[in-house]
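To keep things clear, I will list the structure first and then write my remarks on it.
The values are calculated or read from the model by the stated rules, or taken from the named source; none is laboratory data. No experiment lies behind these values; they were computed from the predicted model shown. Here the Cβ positions follow ideal geometry from the backbone for every residue, glycine too, while neighbour counts run over all protein chains shown. Surface areas here come from the heavy atoms of the whole protein model, side chains and all, with no ligands, DNA or RNA. Shrake-Rupley method; radii C 1.70, N 1.55, O 1.52, S 1.80 Å.
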Amino acid sequence: MKKKYVLFDLDGTLTDSREGIINSIEYMLRFYGISVEDRESLLPWLGPPLKDSLMKYHGFDERTALEGVEKYREYFDRQGIFENRLFPGIEDMLFCLKEKGYVLLVATSKPEVAAVRVLKHFDLEKYFDYIGGATLDDSRVKKGDVIRYVLEKCGVEDKSLATMVGDREHDIQGAKENGLKAVGVLYGYSAPGELADAAADYLVNTPKDLVKLLP
């Protein structure tokens, strides 16, 4: 029997990292004299590469945006990384998928070293054959590039055997770029209609629904 693979996004898909990420963004923006009146306005920042959001929402040039990422990491690496929790049912889902014989992988735009720290903190690294993420210099940060990197690292040549699971349009688009089926999870950080508009192949409301979806 051929191995079947499931690639997971991290933030908004496995863990609810909203508090730590938003606190880190606010810390960074204060350094540049930018105040945030409504924390909810930062929700669209959760998922995409931070550099891209700084350029999109505040007009930073690339050099300044990369400096901003370093400022963000000052807070995040110190405490924001652990202002985080698992979504309900995540560990049961991972256990059930392993029992079904799936090879589980992580493909996140979070720096790989941070992703490993988070999954070890929650004692989830034991479920994954590979944890792949962005580089610290942002040379690999876009979701399509991260997915490609994980597939290559794990020797996945038959893309029909792999499925990407994520909560934002970037996860769906990255999956499509690499010829993967894409499952959007509706309990994460996507805006209403975002995942359907991105042409997710399937949508699920809960981790338990994902177990039911995958044979």
**Complete:** the chain, Gaussian network, Cα under 10 Å: of N84, N23, N205, the residue fluctuating most is N205
**Item:** Scaled radius of gyration (Cα, divided by 2.2 N^0.38 Å) that the chain gives
**Value:** 0.98
**Item:** Binned Cα-Cα distances of region 143-215, short to long, each 10 Å bin given as a whole percent
**Value:** 21, 52, 26, 1
**Accessible surface ranking that places the most exposed of D129, D11 first, with a 1.4 angstrom probe** = D129, D11
**Complete:** Normalised per residue, the volume inside the convex hull of the alpha-carbon atoms of region 88-215 in Å³ amounts to 105 Å³
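Just to make sure I understand: if all protein chains stay in place, what is the order of R30, R39, R140 by accessible area at 1.4 Å, largest first? Display every interim value, and only then the final one.
On the way: R30 150, R39 90, R140 45 Å².
These residues rank, largest area first, as R30, R39, R140.
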**Asked** Ignoring any ligand, DNA or RNA, what whole percent of the accessible area of region 1-124 comes from carbon and sulfur when the probe is 1.4 angstrom?
**Response** 51 percent
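Report the Rg/Rh value for region 112-173, based on alpha-carbon coordinates and the Kirkwood definition of Rh. Before the final figure, lay out each step's value.
On the way: Rg = 12.2 Å, Rh = 12.7 Å.
With Rh from the inverse mean 1/r over Cα pairs, Rg/Rh is 0.96.
Can you list which of the trypsin sites (Lys or Arg not before Pro) found in region 81-137 are DSSP loop residues with at most 16 other C-beta atoms within 10 Å?
Details: sites: R85, K98, K100, R117, K120, K126; in loops: K100.
Answer in residue order: K100.
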**Message:** Of G166, L119, V106, which is farthest towards the positive pole of region 51-190's charge dipole, taken about the Cα centre with +1 and -1 on the beta-carbons of Lys, Arg and Asp, Glu respectively?
**Reply:** G166
**Prompt:** If you take the square roots of the eigenvalues of the alpha-carbon gyration tensor of region 1-127 and sort them as a ≥ b ≥ c, do you get rounded (a/c under 1.5), prolate (a/b over b/c) or oblate?
**Reply:** prolate
**Asked** Of the residues Y27, Y72, Y57, which exhibits the maximal mean-square fluctuation in a Gaussian network model of the chain defined by a 10 Å Cα contact cut-off?
**Response** Y57
**Prompt:** What does the accessible area per residue of region 62-215 come to in Å², with a 1.4 Å probe and no ligands, DNA or RNA counted?
**Reply:** 47 Å²
**Message:** If I take R0 = 30 Å and measure r between the Cβ atoms of D197 and L161 in this structure, what FRET efficiency does the formula 1/(1 + (r/R0)^6) give, to the nearest 0.05?
**Reply:** 0.65
**Fill in**
Rounded to the nearest Å, the spacing of the alpha-carbon centers of region 184-215 and region 97-113 is 17 Å
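To check you understand DSSP bridge types, tell me what percent of the beta bridges within the chain (both residues inside) are antiparallel, rounded to 5. Don't jump to the answer; show the numbers that get you there.
Numbers: 2 of 23 bridges.
Percent antiparallel among DSSP bridges in the chain is about 10.
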**Item:** Sparse-neighbour loop sites [GluC sites (Glu not before Pro); region 3-46; at most 14 other C-beta within 10 Å; DSSP]
**Value:** E37
**Prompt:** So which residue, out of A65, A107, A175, gets the largest mean-square fluctuation from a GNM of the chain using Cα contacts under 10 Å as springs?
**Reply:** A65
**Request:** Determine the dipole magnitude for the chain: charges of +1 sit on the beta-carbon of Lys and Arg, -1 on that of Asp and Glu, nothing else is charged, the reference point is the Cα centre, and the result goes in debye to the nearest 20.
**Result:** 640 debye
**Fill in**
Note, K126: beta-carbon cut-off 13 Å, +1 each Lys/Arg, -1 each Asp/Glu, net -2
**Fill in**
When every protein chain stays in place and a 1.4 Å probe is rolled, H58, H121, H170 sorted by accessible area with the largest first are H121, H58, H170
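Taking R0 as 25 Å, what's the FRET efficiency between E19 and M55 from their Cβ-Cβ distance, rounded to 0.05?
Numbers: r = 24 Å, r/R0 = 0.98.
Working from the Cβ atoms, E equals 0.55.
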